[in-house]
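The values are calculated or read from the model by the stated rules, or taken from the named source; none is laboratory data. Quantities reported herein were computed from a predicted structural model and do not represent experimental measurements. With ideal geometry, Cβ positions are generated from the backbone for all residues, glycine too; neighbour counts draw on all protein chains shown. For the accessible areas, the whole protein counts, side chains as well, though only heavy atoms, and no ligand, DNA or RNA atoms are used. Shrake-Rupley method; radii C 1.70, N 1.55, O 1.52, S 1.80 Å.
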Amino acid sequence: MSAPKRKLIEVGIPLKVINEESAREKSIRHGHPSTLHMWWARRPLAAARAVLFAQLVDDPSSHPDRFPTDEAVIEERARLHELMEQLSLWKNSNNEQLLATAHQKILESTGETRRRSSTPSPAAARSRSKPNASGSKRTHPI
């Protein structure tokens with residue numbers, strides 16, 4: 001049995017940038033979910049996005065086959081930190097290219113080879129509309 005891979009959050013994350021963006025996000029007064037109601041607790045999404053990413057992505061030191069030298073590990077870690085910093089920016093919440101890059105890094109770390117489709121297959125869609133043994137239509141694929 002191999003040792004568990006270290007995640008990026010175990011090694012370090014760019015706290016200064018994440019904290020600055022979280023503080024800035026608290027003061028946004030337009031276009032932010034926290035502005036829907038004035039009594040909602042403000043929970044900075046910047047920190048949540050960065051922490052979730054760091055929990056899912058392996059630290060480069062966990063892959064000596066891909067990053068054989070200390071310099072290569074440091075360079076890749078810096079690249080991942082930059083990606084985390086960009087993810088924490090509110091203006092990048094809908095940046096498709098950035099989100100696709102982050103998604104690809106998560107897939108690589110979790111061993112997935114491709115993105116799972118969020119739309120059901122045609123066969124799954126047909127099975128949902130077929131009557132079951134009791135004669136009622138199924139509302140979900142289970």
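Observations on the structure shown:
- Counted charge near residue 69, where neighbours are those whose Cβ lies closer than 14 Å (Asp, Glu -1; Lys, Arg +1): -3
- Accessible surface, 1.4 Å probe, highest first, among residues 27, 88: 27, 88
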